[in-house]
Amino acid sequence: MELPLVVGVDGSDGSLLAVDWAVDEAARHGLPLRLVHASLWERYESAPPTVPAKNRERRPSERVPAEHTVASAAERAGRRHPGVKVSTGIIPEEAVDALLYEGNNASAVVTGSRGRGEVQGLLLGSVGLSVAARASCPVIVVRGDAAGLAGTHERILLGAGDLDTTGEAVRFAFREAEARASTLDAVRAWRCPAHGTTHHAAPAGGPADQHEGRAAALLDALLADAAAEHPGVRVSRTTVEGPARKVLVHRSAAADLVVVGARRGPGHFGLQLGRVSHTLLHHAACPVAVVPQRV
């Protein structure tokens, strides 16, 4: 049985964009879609009463607006792709906890870049950031410009990290590129401590060439198995001198999705995001997929 694509919905503009993106993705991969709304009132209203009944009766129920939120999102998804199977759920938890729980039985979790009630002006809301940093499954934060959201570039951008943190991200990126009939733009950024900038030419065969050669060899090693499993995917291999976070943000302007890996060590329950992922989640010009790698 295929695990669903889970979307957090709260009625905000960001979550509606996430629903649109996610139902397209579900149709592309033949997955069911699950729309989840978090509401702590569900827990409170089902708990044993601790106040007089007359006071409880005056308390406004959150059930009706919560049901309206998920029903409206389901209707929106159904209009966009009638063939996608859609289910809904109202979870009696905080939004982050609800999505982390749902992510344990999901192919991926999709969130908007900022939800209802989060501070305007923030580049990324706290829910998307926290879920991306802690989930056990891939998390896609739907953000970016109109072209990236619409998928018009026909290019998937893979930020190639280290061998022990990027394997799952590589496989995810190849599957995306294959499903979309898109080019996979695999990029490995490198730095040379003795040649920190590109403003001065380095001698051929010097340290810069050695660092670039190692980056190219690592990139080939990362891609080898997945490329063999997906021979129809067009792959562009690129090594670029510079900070990875800046290189990938720049290249995201010509991509429909940027994919990066994230380390998930045992026994760690805090935020587990590196600088590259954190920067992309705040600044990328297209949706960002953070794919966890168990180490």
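If you go through the range 236-250 and pick out every residue that is in a helix (DSSP H, G or I) and closer than 12 Å to residue 188 by Cβ, you end up with 3. Could you tell me whether the range 176-184 includes any residue that is surrounded by 24 or more Cβ atoms within 10 Å (Cβ to Cβ), of a type in the set (A, V, I, L, M) and not in a helix (DSSP H, G or I)? Yes, the range 176-184 contains a residue that is surrounded by 24 or more Cβ atoms within 10 Å (Cβ to Cβ), of a type in the set (A, V, I, L, M) and not in a helix (DSSP H, G or I). When 57, 25, 45, 75 are checked against the criterion of being more than 24 Å from residue 172 (Cα to Cα), at pLDDT 90 or above and part of a helix (DSSP H, G or I), a single residue qualifies: 75.
Given 136, 182, which one is in contact with a strand residue (DSSP E or B) (Cβ under 7 Å, 6 or more places away or on another chain), modelled with pLDDT under 95 and within 20 Å of residue 290 (Cα to Cα)?
Unique residue meeting the criteria: 136.
Residue check: residue 248 meets all listed conditions (1) touching a helix residue (DSSP H, G or I) at 6+ places or on another chain (Cβ under 7 Å); (2) surrounded by fewer than 14 Cβ atoms within 10 Å (Cβ to Cβ); (3) under 24 Å from residue 277 (Cβ atoms) but one, namely (2).
Here residue 51 fulfils each of the conditions (1) outside any loop (DSSP other than H, G, I, E, B); (2) at pLDDT below 90 apart from (1).
The set of residues in the range 149-177 being touching a Gly at 6+ places or on another chain (Cβ under 9 Å) and among the β-branched types (Val, Ile, Thr) consists of 165, 166, 170.
Residue pairs whose Cβ atoms lie under 7 Å apart, separated by 6 or more positions or on different chains, with the first residue in the range 1-30 and more than 20 Å from residue 104 (Cα to Cα) and the second part of a helix (DSSP H, G or I) and polar (S, T, N, Q), are 10/69; 11/69.
The values are calculated or read from the model by the stated rules, or taken from the named source; none is laboratory data. If you're wondering where the values come from, they're calculated on a predicted model, not measured in any experiment. Don't worry about glycine lacking a Cβ; one is built from the backbone with ideal geometry, like all the others, and counts go over all protein chains shown.
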